[in-house]
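Derivation of every value follows stated rules applied to the coordinates shown; laboratory data play no part. Small disclaimer: the values here were computed from a predicted structure and weren't measured. Cβ placement follows ideal geometry from the backbone for every residue including glycine, while neighbour counts extend to all protein chains displayed.
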Amino acid sequence: MTLSPPSRRESGAHPAPEALEPIQEKIRACIQCGTCTASCPNEFAMDLTPRHLWRMVLMGETEAIFASQTFTLCSACYSCTLRCPRGLPLTEAMHDLKQMAYRGRMARYKPSTAFYGHFMDTIRRHGRIRETEFISRYFMTMAPSKPLLPLGYSGLGWRLLRKGKMAIEYPFAAPGKRSLEKVFQKAESMEASE
Amino acid sequence: MSYLYYPGCSLTGTAREYDLATRAVMDAMGVPLTELEEWTCCGASAAEACSELLALALPAINLAIAEKMDGKQDVLVPCSACYLNLKKANETLRQDGKTRERVNSVLAEKELTLKGSVGVRHLLDVLATDLGAETVRRKVKVDLSHLTIAPYYGCQCLRPYAVFDDPEEPRSMEPLIRATGARVHPWQMGAKCCGASHMNTKMEVALELVHAILQAARGADAIVTVCPMCQMNLEAYQDKINRRYGDVSSVTILYLPQLIGMAFGISDEDLGLGLNLAIDDRFLSKHKTAVPA
């Protein structure tokens with residue numbers, strides 16, 4: 001496993017049902033009441049409701065889960081976690097699914113995984129985020145499928161630059177003194193052997 | 001009363017005014033802040049979507065730095081996303097010895113070890129609980145009674161850890177707003193989600209959520225926030241939202257310590273008011289009047 005941005009290697013395959021076991025453990029007590037769905041601010045944009053997604057997870061339906069965009073639409077507001085009558089860590093389970101999509105380099109989640117991947121890569125090199133570097137690299141990765149994506153943010157980018165809230169940065173700067181390279185390498189080697 | 005201070009990445013860039021205003025207001029109330037030495041990114045909302053171990057290790061690095069500097073003072077965090085990451089790592093690693101060992105093996109690469117001895121506090125918690133509205137009121141020099149303010153809490157300062165307020169119907173900002181002399185805008189959107197990083201990856205979804213918030217703020221002179229991500233989502237896309245829906249007008253978005261600092265008579269420059277992306281002229285100093293003695 002590596003944490004480099006997913007653009008380098010993509011796959012359309014979905015994981016084996018056994019890969020869901022740690023998530024199934026967390027949500028085993030789900031009673032399908034739908035409180036999560038009713039609490040979710042992003043449910044209007046989801047193809048599977050959160051309740052339906054948890055049912056698919058418990059049934060090991062990896063194909064349906066990884067054909068759906070539902071878990072990438074979780075904005076981590078924790079409303080479902082707070083309200084779940086069984087006290088299940090649902091937001092955490094959403095993170096687990098996001099991590100599976102990230103590790104599996106699944107092409108259909110590229111807008112999210114490329115965004116997070118480039119963010120992680122930037123802090124790996126510099127220890128703190130460098131906004132312009134991170135966003136430039138993200139736009140470059142997205143360019144083949146969404147060449148016009150930067151236009152939606154160009155006005156904002158200009159305002160931030162003008163106010164000195166963002167700096168013009170060379171997107172391939174060498175790692176700085178706060179580099180987290182060793183930390184990332186250690187975490188990756190531990191996760192690969194677990 | 002003093003705190004260690006974790007500004008987080010946003011407060012050094014796109015949210016510089018939140019850093020300026022936080023420092024200025026704490027200074028005015030005589031509360032020293034000591035910035036964490038060589039702090040690094042907490043992982044934001046990216047680490048949790050990529051690696052479970054890094055999502056704990058990245059904030060834990062900063063907690064370990066805090067312990068090394070001073071094991072007693074709480075770490076004050078103004079950004080809600082940073083706050084949640086630090087808080088979650090602290091709580092998880094205090095309770096789960098096995099995970100703490102795993103994380104400490106990662107931290108060894110930076111010659112750090114986490115014990116779990118420091119507390120993690122959100123800026124709003126410190127303002128509302130440790131300092132309180134009365135401390136704020138005593139420092140007020142400028143009359144803001146002509147303003148109606150909508151308090152916006154967002155998600156991660158109170159969910160899932162509802163430490164200092166009700167996570168569904170929070171009220172902790174209201175006494176602070178009233179202490180500045182301003183009125184509180186009554187609304188139900190204070191704890192609703194702004195869409196967070198969907199604004200970058202699924203913009204239509206985030207615009208829908210922000211639209212509902214801006215619509216409900218109608219009648220308020222400003223919305224105050226306690227999170228750089230909420231602030232940016234509410235202030236930066238107002239024109240786009242108005243073009244799309246046609247039923248919202250522009251509204252001033254301030255960080256809570258900016259509002260408090262205005263009431264203290266702190267200069268626009270020291271509060272970074274020139275850096276806000278949505279701010280009406282009425283909020284700049286030439287339009288303010290002093291409270292009669």
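Only Cα pairs under 8 Å and 6+ residues apart enter the sum, and on that basis the relative contact order of the stretch B:1-77 stands at 43 percent.
Here the stretch B:201-234 is scanned for amide nitrogen atoms under 13 Å from the site 7 Å beyond the Cα of residue A:44 along Cα-to-Cβ, giving B:204-216.
Return the average number of partner chain Cβ atoms within 10 angstrom of each residue Cβ along peptide B:148-156. Intermediate values should be presented prior to the final figure.
Details: counts 0, 0, 0, 0, 0, 0, 1, 8, 3.
Averaged over the peptide's residues, the number is 1.
Under 14 Å from the Cβ of residue B:224, count the other residues' Cβ atoms, weight Lys and Arg +1, Asp and Glu -1, and hand me the total. The answer is -2. Distance from the Cα centroid of the stretch A:126-156 to that of the stretch B:249-274 is 30 Å (rounded to whole angstrom).
Here the Gaussian network model covers chain B, with springs between Cα atoms less than 10 Å apart; of B:242, B:85, B:62, B:242 fluctuates the most.
Calculate the spin-label point distance for residue B:218 paired with residue A:146, positioning each point 7 Å from the Cα along the beta-carbon direction, and give it in nanometres. The two pseudo-label positions are separated by 3.1 nm. The shape of chain B comes out oblate: with a ≥ b ≥ c from the C-alpha gyration tensor, a/c is at least 1.5 while a/b does not beat b/c. The DSSP beta bridges internal to chain B are antiparallel in roughly 10% of cases.
Sparse packing (at most 11 other Cβ atoms within 10 Å of the Cβ) combined with a DSSP loop state is found for none of the chymotrypsin sites (Phe, Trp or Tyr not before Pro) in the stretch B:188-269. Contact order, relative form, for chain B: 20 percent (alpha carbon pairs under 8 Å, 6 or more residues apart, mean separation divided by residue count). Neighbours of residue B:172 by Cβ distance under 15 Å: Lys/Arg scored +1, Asp/Glu scored -1, total -4. Averaging the sequence gap over all C-alpha pairs within less than 8 Å and six or more residues apart, then dividing by the number of residues, gives chain A a relative contact order of 25 percent.
With helices defined as uninterrupted DSSP H runs, which ones in chain B have an alpha carbon span along their own long axis of at least 24 Å and mean Kyte-Doolittle hydropathy of at least 0.0? Show your work: numbers first, answer last.
Details: long enough: B:52-69 (27 Å, 1.27).
Qualifying helices, which must be both long enough and hydrophobic enough, are B:52-69.
Okay, which of the stretch B:156-184 sit inside 13 Å, backbone N to the point 7 Å along the Cα-Cβ direction of residue B:91? Label zone hits: B:156-165, B:167. Our note on the geometry: Cα centres of the stretch A:24-91 and the stretch B:206-232, 26 Å apart.
Loop-only trypsin sites (Lys or Arg not before Pro) in the stretch B:183-276, please: DSSP not H, G, I, E or B, and at most 13 other Cβ atoms within 10 Å. Walk me through the intermediate numbers first.
Numbers: sites: B:183, B:192, B:202, B:218, B:240, B:243, B:244; in loops: B:192, B:202, B:218.
Of the trypsin sites (Lys or Arg not before Pro), the ones in loops of the stretch B:183-276 whose Cβ has at most 13 other Cβ atoms within 10 Å are B:218.
Which pairs, out of A:182/B:115; A:186/B:87; A:165/B:240; B:68/B:192; A:177/B:68; A:98/B:88, put more than 27 Å between their alpha-carbon atoms? Among A:182/B:115; A:186/B:87; A:165/B:240; B:68/B:192; A:177/B:68; A:98/B:88, the Cα-Cα distance tops 27 Å for B:68/B:192. Dividing the helix sum by the residues of chain B, where each DSSP H run of 4 or more adds -39500 (n - 2.57), gives a mean residue ellipticity at 222 nm of -12000 deg cm²/dmol. A Förster radius of 35 Å, combined with the Cβ-Cβ distance separating residue B:166 from residue A:67, puts the computed FRET efficiency at roughly 0.35.
Counting each DSSP H run of 4 or more residues in chain A as -39500 (n - 2.57), what helix-only mean residue ellipticity at 222 nm follows after dividing by all residues, to the nearest 500 deg cm²/dmol?
Numbers: 10 runs with 98 residues, N = 194.
Calculated from helices alone, the mean residue ellipticity at 222 nm is -14500 deg cm²/dmol.
Remark: the stretch B:1-144 carries a charge dipole of roughly 260 debye about the Cα centre, counting +1 on each Lys and Arg Cβ and -1 on each Asp and Glu Cβ. When you filter the GluC sites (Glu not before Pro) in the stretch B:68-138 for DSSP loop state and at most 11 other Cβ atoms inside 10 Å of their Cβ, you are left with B:111.
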